[in-house]
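See structure below.
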Amino acid sequence: MEYYEKEPVSLYLKDLQPIESFKSSKQSIQLFIHHWLGKVLVINGEIQHIENYQTLYHELLVHLPTAFVPNLNTALILGGGSLFAAYEVLKYPTVERVVLCDHDHAVLELMARHYPHARQVLQDKRFHYVESDAREFIKKIDNNYDLIINDCFNLAEESNKHSVSYFSVLSNLCSNIGVCVDIIYRHIFDKKTTIDTLLYLKHEKALALSLVTVPEYPGILHMETLWGNSPYLTQDAKITSNLFQKNVISSGTSSPFRFFSPEHLPFYLYLPPYIKEMFNL
């Protein structure tokens, strides 16, 4: 089977073999296998993840913002039914509670059938699942979190649509050392989405940006945005503030990260002239 998304820039895959295909009460879900890239999850005609690419995405999504949180105790994940983000968060021994809000339990059940990491997450007593629309769920939250991950909806698009900054909504749910993170679901040459995002983020207390490689998303290169209350969050950070990451660096033991290197934080915070000029940074 051949597959590509109907986007101006898209990843083309061939020789996909189906594993599961069904409709839940909320959406169409397909799981394929690719001989090079592993399992491929497609929901409503959009690629959600490719197994052998997912670490590139999820390690930066989780561990880069956590570098600005000395002790990560609580985390909120919006979306993320694949459970890869939750799996990365739960690597931190200081974590006491991870809340994941996703609107379809069928995705979590599919992942548990096919992935060991998903079964491990679901068995972890620190993990809590809420089945809900994320936009509705965040209206009811009365807790604060050290890490808030948006892996669900286009924050700039929703902010424009409802005339409210969802970036501020999330930062208001942060603890006093909390950090929010979002990877803009458009490539960096789609200026409108990226500029809209930056216009909202200019009003936040602290901001840092990072370029990330997400091969399965249209355009490959994307912008990761980090904002929130942490006094350690800055584009000029030289060393991680997270104690667990510091221990990984100093202990000399094998790292729990496959691609992320906490000792090279400035590498992730480097912005090329194109980005600096576009946003006048």
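The values are calculated or read from the model by the stated rules, or taken from the named source; none is laboratory data. In this text, all values refer to a predicted model and were calculated from it rather than measured experimentally. Positions of Cβ are generated from backbone atoms using ideal geometry, with glycine treated the same way; all protein chains shown enter the neighbour counts.
Being at pLDDT below 95, among the aliphatic types (A, V, I, L, M) and in the same structural domain as VAL95 (by TED's automatic domain parsing) narrows it down to one residue among LEU233, LEU269, LEU221, LEU243; which is it?
Answer to the check: LEU221.
In this structure, is LEU100 buried (at least 24 other Cβ atoms within 10 Å of the Cβ), hydrophobic (A, V, I, L, M, F, W, C) and without any contact (Cβ under 8 Å) to a residue 60 or more places away in the chain?
Judged against the criteria, LEU100 is a match.
Is it the case that ASP196 is among the charged types (D, E, K, R) and touching a strand residue (DSSP E or B) at 6+ places or on another chain (Cβ under 9 Å)?
Taking the combined requirement at face value, the residue does not satisfy it.
Output the residues belonging to the stretch 1-26 that are of a type in the set (S, T, N, Q), assigned to a loop (DSSP other than H, G, I, E, B) and either at positive phi or loosely packed, with under 12 Cβ neighbours inside 10 Å (or both).
Listed by number, the list holds a single entry, SER25.
Any residue in the stretch 237-248 that is under 15 Å from the mean Cα position of the chain (by Cα) and either closer than 24 Å to LEU37 by Cβ or in contact (Cβ under 8 Å) with a residue 40 or more places away in the chain (or both)?
Within the stretch 237-248 (the criterion being under 15 Å from the mean Cα position of the chain (by Cα) and either closer than 24 Å to LEU37 by Cβ or in contact (Cβ under 8 Å) with a residue 40 or more places away in the chain (or both)), the answer is no, since none of the residues qualifies.
With respect to GLU224, is the statement that it is closer than 26 Å to ASP142 by Cα and in contact (Cβ under 8 Å) with a residue 24 or more places away in the chain true?
The answer is no for GLU224.
Read through the list (1) within 30 Å of ASN229 (Cβ to Cβ); (2) surrounded by fewer than 19 Cβ atoms within 10 Å (Cβ to Cβ); (3) modelled with pLDDT of 95 or more, then give the number of the only condition that ALA67 fails.
(2)
From CYS152, CYS101, grab the single residue that is in contact with a Ser or Thr (Cβ under 7 Å, 6 or more places away or on another chain) and not β-branched (Val, Ile, Thr).
CYS101
Just to confirm my filter: which helices (runs of 4 or more DSSP H) fall fully inside the stretch 96-207 and include at least 1 residues that are touching a helix residue (DSSP H, G or I) at 6+ places or on another chain (Cβ under 8 Å) and within 21 Å of LEU41 (Cβ to Cβ)?
In the stretch 96-207, the matching helices (runs of 4 or more DSSP H) lie at 105-114, 116-123.
Among the candidates GLU88, GLU46, which residue alone is charged (D, E, K, R), within 30 Å of LEU207 (Cβ to Cβ) and in contact with a helix residue (DSSP H, G or I) (Cβ under 7 Å, 6 or more places away or on another chain)?
GLU88
Restricting attention to the stretch 271-279, does a residue exist that is closer than 18 Å to VAL181 by Cβ, among the aliphatic types (A, V, I, L, M) and assigned to a loop (DSSP other than H, G, I, E, B)?
yes
Taking the condition of being out of contact with any helix residue (DSSP H, G or I) (no Cβ under 6 Å at 6 or more places or on another chain) and of a type in the set (Val, Ile, Thr), how many residues in the stretch 249-265 meet it?
Residues meeting the conditions: 1.
With the structure loaded, tell me whether SER28 is in contact (Cβ under 8 Å) with a residue 40 or more places away in the chain and over 21 Å from the mean Cα position of the chain (by Cα) or whether it fails that test.
When the stated conditions are applied, SER28 does not pass them.
Residues of the stretch 35-50 being crowded, with 18+ Cβ neighbours inside 10 Å and either within 20 Å of LEU211 (Cβ to Cβ) or without any contact (Cβ under 8 Å) to a residue 24 or more places away in the chain (or both), which ones?
HIS49, ILE50
Which residues, taken from the stretch 208-223, are out of contact with any Lys or Arg (no Cβ under 9 Å at 6 or more places or on another chain) and either outside any loop (DSSP other than H, G, I, E, B) or surrounded by fewer than 21 Cβ atoms within 10 Å (Cβ to Cβ) (or both)?
Those that are out of contact with any Lys or Arg (no Cβ under 9 Å at 6 or more places or on another chain) and either outside any loop (DSSP other than H, G, I, E, B) or surrounded by fewer than 21 Cβ atoms within 10 Å (Cβ to Cβ) (or both): ALA208, LEU209, SER210, LEU211, VAL212, THR213, PRO215, ILE220, LEU221.
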